[in-house]
Amino acid sequence: MKTMKKMMSVCMAAMLAIGSLAVCTDARAEEAAVDLQILKEADDSMKNTYSMLAVNPEAPFADEDGNAVEDVAINTAGADALIQWMISEEGLQMAAEYGKEEYGDSLFYVLENAPVYEGEIAAATDETKTIRLSTTTSVNDSGLLGAMLPVFEEKYGYTVEVQSAGTGKAIAAAQYGNADLILVHAKAKEEEFVEKGFARTLEGMESERISFLYNYFVLCGPSEDPAKVADCETAADAFAAIAEGKFPFVSRGDGSGTHTKELSLWPADLGITEEAASFEGYTEWYTSANAGMGACLVMAEEMGAYILTDKATFLTFVKNNGVME
């Protein structure tokens, strides 16, 4: 009897040990699901500001070939309502709180000088209920819009159709007449959009560009960090180290806000621009993906490459164990 009890005790101990080992193994597997790490962040040159612009119904809309597009219908009332709600106390608070509980960090911050709308917001009518929003991938891939828009839609009766692409393509959609407003993050391209007459100023706003949120671009790379970018003083120094060592780098290559920021950080003597010819001598280490942020993060993880990304999408990528739909 004692022998049997002793054998049971030994078996039980073995099972517990195996169970503990399995738990530890699972924990290590989960911990190692994504090797990419943030190596450089919160550099002043890496601030990433998001702005909304309402489309001007009298804009010179044209197709990809430059041919004028006639009979474009812009839902100005719907665009106004969405913008006003996004910068209302409710909208700004939702944006600021998004991700804190789930990701353990703020994904977006409200600009100190962001306008706050305190007036009435018009409910949808049969004519205004569908709003076309053309936006960058980061606010979509991070889940921010998925969390916020249902609240707006339920409260005011609208349906928001989201088109998500890099900033350059998001702006182009509006120039073709396929959006009522844009939410993007590339100041120079936004200003060009304004200068060409595609934006309008909402009543009570000081300008066409309504900047309200920000986060930071972050430079990520493999945990072993062969270029030692984590030790670099600035983001520009880090990019120089990557180029000097010819370490793999994945670029969005799609004219997005992230791509635009990346191009500004390479040493000027490299001459890297949006033009393919500018980096044809660097393809040994420089990959221009012409893809969205999520797809590029997956590529960088697989290649053990460095990559510039917005922090919100990166934290979502890690939370999802490296899977982006």
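The values are calculated or read from the model by the stated rules, or taken from the named source; none is laboratory data. For clarity, every value in this text was computed on a predicted model and none was experimentally measured. Positions of Cβ are backbone-derived with ideal geometry, glycine not excepted, and every protein chain shown enters the neighbour counts.
General remarks:
- Meets criteria (in a loop (DSSP other than H, G, I, E, B), out of contact with any helix residue (DSSP H, G or I) (no Cβ under 8 Å at 6 or more places or on another chain) and modelled with pLDDT of 95 or more) for GLU58: yes
- Flag: GLU64 matches the condition of being assigned to a loop (DSSP other than H, G, I, E, B), more than 22 Å from ALA312 (Cβ to Cβ) and touching a residue at least 60 places away in the same chain (Cβ under 8 Å).
- Checking each residue in the stretch 114-136 for being free of Cβ contacts under 8 Å to residues at least 60 places away in the same chain, part of a loop (DSSP other than H, G, I, E, B) and of a type outside the set (Ser, Thr, Tyr) picks out VAL116, GLU118, GLU120, ILE121, ALA122, ALA123, ALA124, ASP126, GLU127, LYS129.
- LEU213 passes every criterion in (1) surrounded by fewer than 16 Cβ atoms within 10 Å (Cβ to Cβ); (2) closer than 23 Å to THR316 by Cβ; (3) not small (Gly, Ala, Ser) apart from (1).
- Listed by first and then second residue, the pairs linking a residue in the stretch 304-325 that is surrounded by fewer than 22 Cβ atoms within 10 Å (Cβ to Cβ) to a residue that is of a type in the set (Ser, Thr, Tyr), with Cβ atoms under 9 Å apart and 6 or more places separating them unless they lie on different chains, are VAL318/TYR103; LYS319/TYR103; MET324/THR313; MET324/THR316.
- In this structure, GLU233 does not qualify as of a type in the set (Asp, Glu), within 28 Å of LEU213 (Cα to Cα) and crowded, with 19+ Cβ neighbours inside 10 Å.
- Within the stretch 278-325, considering residues that are outside any strand (DSSP E or B) and aromatic (Phe, Trp, Tyr), the one farthest from ALA241 (Cα to Cα): PHE317
- Checklist (1) touching a Ser or Thr at 6+ places or on another chain (Cβ under 8 Å); (2) without any contact (Cβ under 8 Å) to a residue 60 or more places away in the chain applied to ALA243, failing item: (1)
- VAL218 being aliphatic (A, V, I, L, M) and closer than 30 Å to SER88 by Cβ: yes
- Residue in the stretch 137-159 that is part of a strand (DSSP E or B), surrounded by 20 or more Cβ atoms within 10 Å (Cβ to Cβ) and either on the phi > 0 side of the Ramachandran plot or touching a strand residue (DSSP E or B) at 6+ places or on another chain (Cβ under 6 Å) (or both) present: no
- Helices (runs of 4 or more DSSP H) completely within the stretch 164-253 that count 1 or more residues being among the charged types (D, E, K, R) and closer than 12 Å to MET52 by Cα: 187-195
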